[in-house]
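Below is one structure, written out as structure tokens, with a few remarks after it.
The values are calculated or read from the model by the stated rules, or taken from the named source; none is laboratory data. Quick caveat: nothing in here was measured; it's all calculated off a predicted structure. Every residue, glycine among them, receives a Cβ derived from its backbone with ideal geometry; neighbour counts consider all protein chains shown. For the accessible areas, the whole protein counts, side chains as well, though only heavy atoms, and no ligand, DNA or RNA atoms are used. Shrake-Rupley method; radii C 1.70, N 1.55, O 1.52, S 1.80 Å.
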Amino acid sequence: MNKSLIVLFDGECNLCNGAVTFIIRRDPDAQFKFAPLQSDTGRMLLSSASLPADIQDTIVLIEHGQSFTKSTAALRIAKRLNRLWPLFYVFIIVPKPIRNMIYHWIARYRYAWFGRKESCMLMTPELRQRFIE
């Protein structure tokens, strides 16, 4: 299995789960694989990327062995999606502290605004292949 593009996400966050669904629908070539940050696989991948195991307020992209977090991860993901989403990568020119300030503001209120997952998403067998266990 090609694990060169892995997205780690907060598996308890409705916004984050929605983001995974959004990515899957715009990734027809199935470039991305996914794992919740809270899973054993997620914690192992965080450790191998030298990131804290208890990190939960960010999306993490592991791209060919290099890790990206927060707004940089989101923009690098958008760059690989179909249709017009790669155009959002132009925001990479905005200084990282400014991009991440906005990212932190959304992350801080994500549970209040979008809620938490009570149960795991139901997956078809083909969708299950997109997740790393």
Looking at segment 59-95 only, could you name the residues that are farther than 29 Å from S39 by Cα and open to solvent by 60 Å² or more (accessible area, probe 1.4 Å)? R83, L84, L87, F88, V90, F91, I93, P95
Name, by its number, the condition in (1) surrounded by 14 or more Cβ atoms within 10 Å (Cβ to Cβ); (2) assigned to a helix (DSSP H, G or I); (3) touching a residue at least 12 places away in the same chain (Cβ under 8 Å); (4) of a type in the set (A, V, I, L, M, F, W, C) that does not hold for I102. (1)
Given the criteria closer than 21 Å to I24 by Cβ and among the small types (G, A, S), does A74 qualify? yes
Do you know which of the residues in segment 17-51 that are part of a loop (DSSP other than H, G, I, E, B) and open to solvent by 60 Å² or more (accessible area, probe 1.4 Å) is modelled with the lowest pLDDT? P28
